[in-house]
């Protein structure tokens, strides 16, 4: 039997910036922590407005996949934006980020999604799939988000076949095919 080799260097543990819990210290986790720091110290959000490491689990064609949403951002108890991190190209992550925003909240579709590799970012409209902005500066700061919140459309949650399609997209795009 072939044992998968880990593809991440593990440096030990680190303390999560938002929650204080101990996490495995990897290059990717350091970037996730930098994103949390950016959102609080530069963008002006309070730590309690950021919900880290949320999961969506899917099982299709005997492929079980856990999709992680790095941050869900809320204002006035309303989730309005998700942030997904992944190394490399952003364009290959757009569709799965939109799918995640459409299904993670049971009460409505989250209207904005961000994909980032830690150095660059894209802000996406989850209703249309269009890119609203490029670069880390396109992520709305807390003051801008306050004004934006009035204009955002919080659509009804998807159900039935439409929800299943979005979950299938997540399952397909987030399936890890490495380390074997």
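The numbers here are math on the coordinates, done by the rules we state, and not lab data. Just so it is clear, the structure is predicted and the values come from calculations on it, not from any experiment. Please note: Cβ atoms are built from the backbone with ideal geometry, for glycine as well, and neighbour counts cover all protein chains shown.
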(request) Multiply the residue separation of residue 28 and residue 77 by 0.36 nm, subtract the distance between their alpha-carbon atoms, and state the gained length in nm to one decimal. (result) 14.8 nm
(request) Please work out how much length the chain gains when fully extended from residue 107 to residue 92, using 0.36 nm per residue of separation minus the C-alpha to C-alpha distance, in nm with one decimal. (result) 2.7 nm
(request) Please report, in Å, the Rg and the Dmax of segment 135-180, where both are computed over Cα atoms only. (result) 16.8, 48
(request) Count the DSSP beta bridges whose two residues both fall in the chain, then state the antiparallel fraction as a percent rounded to the nearest 5. (result) 85 percent
(request) Report the relative contact order of the chain, percent, no decimals, based on alpha-carbon pairs under 8 angstrom and at least 6 residues apart. (result) 20 percent
(message) Sorting check: for 163-175, 139-151, which peptide has the highest mean count of neighbouring beta carbons within 10 Å, and how do the rest follow?
(response) 163-175, 139-151
(request) Can you tell me how much longer the chain between residue 16 and residue 138 gets when fully stretched, taken as 0.36 nm per residue apart minus their C-alpha distance, in nm with one decimal? (result) 41.5 nm
(request) With springs only between Cα atoms under 10 Å apart, run a GNM on the chain and tell me which of 159, 34, 25 wobbles the most. (result) 159
